[in-house]
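The values are calculated or read from the model by the stated rules, or taken from the named source; none is laboratory data. For clarity, every value in this text was computed on a predicted model and none was experimentally measured. Cβ placement follows ideal geometry from the backbone for every residue including glycine, while neighbour counts extend to all protein chains displayed. With ligands, DNA and RNA removed, areas are computed over all heavy atoms of the protein, side chains included. Shrake-Rupley method; radii C 1.70, N 1.55, O 1.52, S 1.80 Å.
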Amino acid sequence: MSQDRNESFEQLERRARAAFDASVDGLDAHTRSRLGQARQRAMSIAVGRRQPARRWLGWISAGALAASVLAGALLLRGPTVDESAHQVSAQGEAGAQESLEAFAASEDLELAAEADPDFYALVDLAALSDAGMGQT
Amino acid sequence: MAAFASLDAAIRRLADAEPGLHEESRLEASHARELDRFLAGVERRAFRIAQITLRNTDDAHDVVQGAMLRLVQHYAQKAPDEWRPLFFKILYNGIRDQQRRRGVRARLFGFLPGSGRGEDESAVDPLEQVPDHGPGPSDQVANAEAMRELERGLRTLPPRQLEAFSLRCLEGLDVAATAAAMGCSEGSVKTHYFRALQALRAQLAEAWT
């Protein structure tokens, strides 16, 4: 019974394979041509892809090396003449601003602003009177 | 003359200095040739399997082309004996994707007249079905009839059984390679294959006797 079943399965497999192979062999020229073109496209991509990938890899490595060298140079070098001048001028500006602030904050300026001319005239008069009294 | 001798010596020195480069390019060329041969040997069978499963010639072409591209782009460096199961695994993934896309399309545009209809037998150009060469007319007719019956039977199989039958019987992969291509255990392959055989025998017994 089991042997019969196996034989029938084997027969089925044989016939299926034969029918399938015949249908593959009988593919029309147009289909075969399309398949061939598809294969050539795939192969051309596979073969052509590798070279540019390597070129790009080389460019990426060179770019990374150049960037690291530039970064190192920027970190290691001292300040340039322009930067020194910029720093000096910045210091000068800061000093002038401090002086102006100190001047503005001083009491003299407040006195000068609040000065009353009558007060000074009165002081002068008192001084004169004191001197006259001493003379007399 | 002396200049030629020195040039020749320089070329020989360069060749000796980078033997790896020459070896690699030679290997790549032979690998590419082998890959091309492999694809040439498998493309028509893959196309027929895709055509039977998808019932659409253009979709079958798309799926086979996609499988070829994917194989050469991602697995070309693999050993040649690994290509076959990998290729069919990619092919069946493509077939499943195509079927999914078709299902979504049918759901979205199913209300339109004529949409969702696959390419059936009536839509096939009869001229394309004429074989260019092969056995005699009577054998061709018999084979074509047997294939039609087989296709009808295959289309009634669940996807995994169809996959197991196509790979094991039609492609001739062994159980291990079929399991690798299907991404399942060898036991599952045997089960799917046995059920496919049983179903096909029940359907084809009358037609093929």
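How high is the FRET efficiency from residue A:21 to residue B:62, r the C-beta distance, R0 22 Å, rounded to 0.05?
Working from the Cβ atoms, E equals 0.40.
Considering every residue in B:49-57, what mean count of other chain Cβ atoms within 10 Å of its Cβ is obtained?
Per-residue shielding by partner chains comes out at 1.
Taking 0.36 nm per residue of separation and subtracting the Cα-Cα distance, what length does fully extending residue B:207 through residue B:186 add?
Value of the extension gain: 4.4 nm.
How many nm is it between the label spots at residue B:195 and residue B:79, if each spot is 7 Å from the Cα in line with the beta carbon?
Distance between the two pseudo-spin positions: 3.3 nm.
What spacing in nm lies between the two simple spin-label points modelled at residue A:118 and residue B:108, each 7 Å away from Cα in the Cβ direction?
Simple spin-label model gives 9.4 nm for this pair.
R0 = 35 Å: FRET efficiency of residue A:10 with residue A:30, Cβ-based, nearest 0.05?
0.45
Using a 1.4 Å probe and counting only protein heavy atoms, arrange B:169, B:184 so the residue with the most accessible area comes first.
Ranked from most to least accessible, the order is B:184, B:169.
Pop a pseudo-label 7 angstrom from the Cα along the beta-carbon direction at both residue B:148 and residue A:67 and give the gap in nm to one decimal.
About 6.5 nm, to one decimal.
Calculate, for residue B:33 and residue B:175, the FRET efficiency according to 1/(1 + (r/R0)^6) with r their C-beta to C-beta distance and R0 25 Å; round to the nearest 0.05.
0.25
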